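Notes for the one structure printed next.
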Amino acid sequence: MAALGLLGAVLVGCGGQAGETAPSKEPAAAASPSARPSAAAAGPKPARAPAAPPTMAPGPGGLTPVYARRAADSPKSAEKVVALTFDADMTADQGPRAARGERFDNPQLIATLRRLQVDATVFMTGRWAEEYPDQARSIGGDPRFEIANHSYSHYAFASPCYGLPTVPGPDMTADVQRAFDAFRDAGAVNVVPYFRFPGGCYDDAALRALGPAGVTAVQWDVVSGDAFAKDPDAVADQVLDGVKPGSLVVMHCTRSAAPVTEQAIRRIVPELRARGYRFVKVSELMSS
């Protein structure tokens, strides 16, 4: 089991987790009563615009804030909720492998999440959205899901990071923006201003460089160990043993690198529900 956890951590985790900050909440300005039209003159009410997803205030010196789980001092810290997140990884240079038939997507996993009525957040690379635009549009148009940013190319934002090529500091914000552009070009709608560092690797220089991007970095407190795993029960056991109220789990939506994730989900979801847990997106977990 320890080996499985280490293997998962090698793919997804290496950075330290910064202290948590309360999400910033700025109430919208209310119209003055005298400015409001009468009910008779107003006509049909327009559809209410969706609320902006919560974000965290920048840290000292404008450092990008980092979120890993619901804060222990939250009024809802005891609420049995858990956020399942799935990294849709694909690097900028993996197109030839995809052309030869390697699958970096996992439509069966998405179908299972829909069938089980699980809300989830997918951290997607821009390259993945370009390779699978129909799937990106479908995921990003489903209210059960939200798409967050996992960089354009899945290159590291700090070095060393398990052999990943590194994005130069001056190019980091542009890399993140390129991924958001790819989501938009694919037609995804439910896109949130959250970012996950490839490999989980970051340092203060990366947090400072990403400040202009205006994102909240999202890490995790439960490593599923699904990376390259062959035993879905081992993955399920690791998640079930690690989840606590307010946990944030990292998994993968990439068949070539995580072939048993969908099978593990079929066990994880009913067992956590039997314990009283409810599945939420990162935006809901972060809302309090």
Exercise. What is the extension gain from R208 to Q108, computed as 0.36 nm multiplied by their sequence separation minus the C-alpha to C-alpha distance, in nm to one decimal?
Worked result: 32.2 nm
For this session: Enumerate the amide H contacts of V191 below 5 Å, restricted to partners 5 or more residues apart or on another chain; note that Pro and chain-start residues carry no placed amide H.
Result: I147
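If Lys and Arg each add +1 and Asp and Glu each add -1, what is the summed charge of the other residues whose beta carbon sits under 15 Å from the beta carbon of D233?
Working: positive: K230, R266, R267; negative: D226, D231, D237, D241, E262, E271.
After counting each charged neighbour, the total is -3.
Taking the highest mean first, how do the peptides 192-198, 68-74 order by number of other beta carbon atoms within 10 angstrom per residue?
Working: 192-198: 24.3, 68-74: 17.7.
Ranking, from highest mean packing down: 192-198, 68-74.
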For this session: Please work out the average accessible area per residue across the stretch 101-196, using the 1.4 Å probe convention, and give it in Å².
Result: 39 Å²
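Taking 0.36 nm per intervening residue step and subtracting the Cα-Cα distance, what contour gain separates R266 from D185 on full extension? Each step should come with its number before you reach the end.
Details: separation 81, 0.36 × 81 = 29.16 nm, distance 3.22 nm.
Residue separation times 0.36 nm, minus the Cα-Cα distance, leaves 25.9 nm.
For the stretch 75-226, with all protein chains present and a 1.4 Å probe, just round the carbon and sulfur fraction of the accessible area to a whole percent.
C and S atoms contribute 51 percent here.
The values are calculated or read from the model by the stated rules, or taken from the named source; none is laboratory data. Not measured: the values here are computed from a predicted model. Counting neighbours? That spans all protein chains shown, and the Cβs are built from the backbone with ideal geometry, glycine included. Remember, those area values only see protein heavy atoms, side chains included, never the ligands or the DNA or RNA. Shrake-Rupley method; radii C 1.70, N 1.55, O 1.52, S 1.80 Å.
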